[in-house]
Every structure is written in structure tokens, then in C-alpha cells.
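Student: Attaching a single structure in C-alpha cells format; questions to follow.
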Amino acid sequence: MRFLLDTEQRAFAASLDAMLTSANTPSAIRAWAEGDHTPGRALWSRLADAGVFALAVPEAYDGVGPLPVELALAFVELGRHGVPGPLVETVAAAALLSGLDESGPAKRLLPTLASGESVATLALTDSCVLDADAATVLLAVNGASLRLVSGHGPVRPSVDRARRLARPEPGGELLATGPQVTRAAAHALCWARLATAAQALGAGLALLDRTVAYVKQRTQFGVSIGSFQAVKHQLADARIALEFARPLLFGAALSMTPADVAAAKVTACEAAYATARTALQLHGAIGYTAEYDLSLWLTKARALRTAWGTPAECRADVLSGLSGLSGLSGLSGDGPRS
């Protein structure tokens, strides 16, 4: 089978790229890391106006979805530009609410998520939540119960300073309970992994583009280091890894099976992480500095690698799918980790 994006899909991705290129996202990332959400929320509103969050929300609740291929396209651009905030978590929350048998919580919360009026974060089982201090909707799944949580514990930094982690407070309003919550949580995890894979692929592409530009400018022995064979080989390896991840991502978006999504997630995140290591090595000491914009994507690639499933957990889910076993390895511990 030959899969190609159509004209509308490519135009949608190009429009997001153009919008975010003009938005100075590095300053928004740094402000978000310091707890100033104003520039990030302005970006959030623009993304909502472009229909990004509506892609995960069914039409019955004022969305245009579910459209996983278009969502993957959008999140590649969000990762490429490093947009901060609980983007994946809002998509996962929309998938969770859409998967409930009861329509009450969905009718109440999904329209505001689609419009960008609300920002959601989500904990599946006993895990941290991302950007609880910025979220207006904080959902927590505990066993077979889904609750709307009213508060959170102290915020602590991640390896990526723009990813701020906290523990949800116990209790809260009970929204749903029973086997439907377990099914909906597994559905939400699948969407979260797809969006994380796309975000990681975008971050890896940004790291590669920045590194290619840098090695053309940096000189040694009177020539650019990009002309050295060893440098070319490293960059070629990074490009191949990222390009191999791309068809897995869009194939998973088409099938939306847990095994396919897990394969896309581990492949894209490992490719982005390997690209980050190459980018750091080729930039040298400047790559370590927090003032240099490259660091914003280096730390994001590292954090996304274990978010919503470690490489080991995702590989276990791929093997389970190949052996015909059902289920996901673990809703236990899945969520923002680092």
C-alpha cells in the first residue's frame, strides 16, 4: 500500500508551520517554564482557532473528529516548534471523555476543550499530571473511577523545564465509574501515545534542521565541519531514523491499534532521542547552555521518550499485539514521567 497525504492535509500542516514560525515559540517556552502562561495561552488560542483540539473531539460535541491522521500532522508541527503546555494531555482527556458510555461529562467538558476555552490535564492511575497549574480541567483515573479533581500538590520541574509536574489531590467530583472507565482510559492512552510520537518526531526534525544549519556555519581547519565525512554520516543516520519513524506514525494513525501506536511511539521517540544526542555532540559545549535555543528541544526529546509509556513498556505492547494478546502494558504508571 502506498500512503500519501492529500492536498488539504499538507496545506493544514503548512499553515500551522507558518503560524508557529511567526510566533517566537522559544520565548513562550521559557516563560512557561517560569510559570508565566500568558504567551503560551495566546498560542493555545491560536491553535484552537486553527482547529487543532477539535480534531480529537467528535462532531456531536462541537469537534470535527476524531481525525487521528490530521492530529498526528498537527502534533508534528507542535513538536517541531516546541509549543509548551499540556497538548497531549488535552487530546487524551478528549479521547477519554469521548469513550465514556455516559454522555453527561462529555457534553459538559468536550465543547470547551474543542474551542480552546479549557486546558485539560490527565492522570491515568497513580501518576503525575503535567501543567496542573495551567489546566482548568484536571482529570484523574483511579482504578475504575474517573474524577474531576479540584486541586494539586506542589509543582516540580521536569528534565524539560517547560514540563511542570504535580500530583493531583485525592478526591474530587466523581464523573464516571465501572468498566467503561477502564476501556476509555485505554483508548485515551492510545491517543496520548500517538500525539507524543508525533510531537517527538517534530522535535527530532527541528533538532536535525538546526544541527545541519550549524555545521554549515562552524568551521575547523578553514572549512565547515559539515564537510567532514564523519559528521555527514551522523546526520545521515539521524535523518534515516526519523524518516523510518514517519510511516510508522501515520500507519498507526490510520489503524489506531494499541500495538501499532506503541511501535510508532517507541520508534519516533528513540529516533528523536538519538538525534538529540547527535545534535549535542556536533554543537559542542554551546549545546549544553540553557540560553541557547537548541537546549529547549534537547530536553523535550529526552522527556517525551518516557512520557506515556517507556520504551520497554511500548515494546511489550508491540509484542503483545504480535502474539494476539489484548490490552496495554500498563495503564500503571503511564503519564508524564520526566
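The values are calculated or read from the model by the stated rules, or taken from the named source; none is laboratory data. Just so you know, these numbers come straight off a predicted model, no measurement behind them. When we count neighbours, we look across all protein chains shown, and the Cβ atoms used for this are built from the backbone with ideal geometry, even at glycine.
Student: If a residue must be touching a residue at least 12 places away in the same chain (Cβ under 8 Å) and either surrounded by fewer than 19 Cβ atoms within 10 Å (Cβ to Cβ) or assigned by TED's automatic domain parsing to the domain that holds ALA92 (or both), how many such residues does the range 307-320 contain?
Tutor: Of the residues in that region, 4 qualify.
Student: Got a sec? Which of PRO168, PRO154 is without any contact (Cβ under 8 Å) to a residue 60 or more places away in the chain, surrounded by 15 or more Cβ atoms within 10 Å (Cβ to Cβ) and outside the structural domain of GLY287 (by TED's automatic domain parsing)?
Tutor: Unique residue meeting the criteria: PRO168.
Student: Here's another thing I want to ask about it. Would you mind stating whether ALA236 is more than 21 Å from the chain's Cα centre (by Cα), outside any helix (DSSP H, G or I), within 23 Å of GLU77 (Cα to Cα) and among the hydrophobic types (A, V, I, L, M, F, W, C)?
Tutor: When the stated conditions are applied, ALA236 does not pass them.
Student: Right, here's the next one. Can we say ALA192 is at pLDDT 95 or above, of a type in the set (A, V, I, L, M) and out of contact with any strand residue (DSSP E or B) (no Cβ under 9 Å at 6 or more places or on another chain)?
Tutor: Considered against the rule, which asks whether it is at pLDDT 95 or above, of a type in the set (A, V, I, L, M) and out of contact with any strand residue (DSSP E or B) (no Cβ under 9 Å at 6 or more places or on another chain), ALA192 comes out as no.
Student: Do you know which residues across the range 241-296 are outside any helix (DSSP H, G or I) and more than 23 Å from PRO26 (Cα to Cα)?
Tutor: MET256, THR257
Student: If I filter the range 188-201 for residues that are of a type in the set (Gly, Ala, Ser) and surrounded by fewer than 22 Cβ atoms within 10 Å (Cβ to Cβ), do I get at least one hit?
Tutor: Checked against the condition, which is being of a type in the set (Gly, Ala, Ser) and surrounded by fewer than 22 Cβ atoms within 10 Å (Cβ to Cβ), the range 188-201 yields no hits at all.
Student: Just name the residue that is surrounded by the fewest Cβ atoms within 10 Å (Cβ to Cβ) out of those in the range 1-18 that are hydrophobic (A, V, I, L, M, F, W, C) and outside any helix (DSSP H, G or I).
Tutor: Going through the qualifying residues, I end up with MET1.
Results for (1) surrounded by fewer than 24 Cβ atoms within 10 Å (Cβ to Cβ); (2) more than 24 Å from ALA198 (Cα to Cα), shown as yes or no for each residue.
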{"residue": "VAL52", "(1), (2)": "no, no"}
{"residue": "ALA74", "(1), (2)": "no, no"}
{"residue": "LEU100", "(1), (2)": "yes, yes"}
{"residue": "GLU117", "(1), (2)": "yes, no"}
{"residue": "LEU130", "(1), (2)": "no, no"}
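Student: While we're here: Mind listing just one residue for me: the one in the range 19-46 that is in a loop (DSSP other than H, G, I, E, B) and charged (D, E, K, R) and, of those, surrounded by the most Cβ atoms within 10 Å (Cβ to Cβ)?
Tutor: Among those residues, the one meeting the criterion is ASP36.
Student: Test ALA162 against the criterion of being of a type in the set (Gly, Ala, Ser), in contact (Cβ under 8 Å) with a residue 60 or more places away in the chain and part of a helix (DSSP H, G or I), and give yes or no.
Tutor: Here the answer is no, as ALA162 does not meet what is asked.
Student: Could you look through the range 202-233, keep only residues that are surrounded by 24 or more Cβ atoms within 10 Å (Cβ to Cβ) and not hydrophobic (A, V, I, L, M, F, W, C), and pick out the one that is nearest to the chain's Cα centre (by Cα)?
Tutor: Applying the filter and picking the extreme gives GLY202.
Student: Quickly run through the range 175-208 and pick out the residues that are touching a Cys at 6+ places or on another chain (Cβ under 9 Å) and of a type in the set (D, E, K, R).
Tutor: Matches in the range 175-208: ARG193 only.
Student: When the residues of the range 260-282 are narrowed to those that are under 16 Å from LEU205 (Cα atoms) and not aliphatic (A, V, I, L, M), which ends up surrounded by the most Cβ atoms within 10 Å (Cβ to Cβ)?
Tutor: Checking each candidate, the answer is LYS265.
Student: If a residue must be part of a helix (DSSP H, G or I) and among the polar types (S, T, N, Q), how many such residues does the range 187-233 contain?
Tutor: 6
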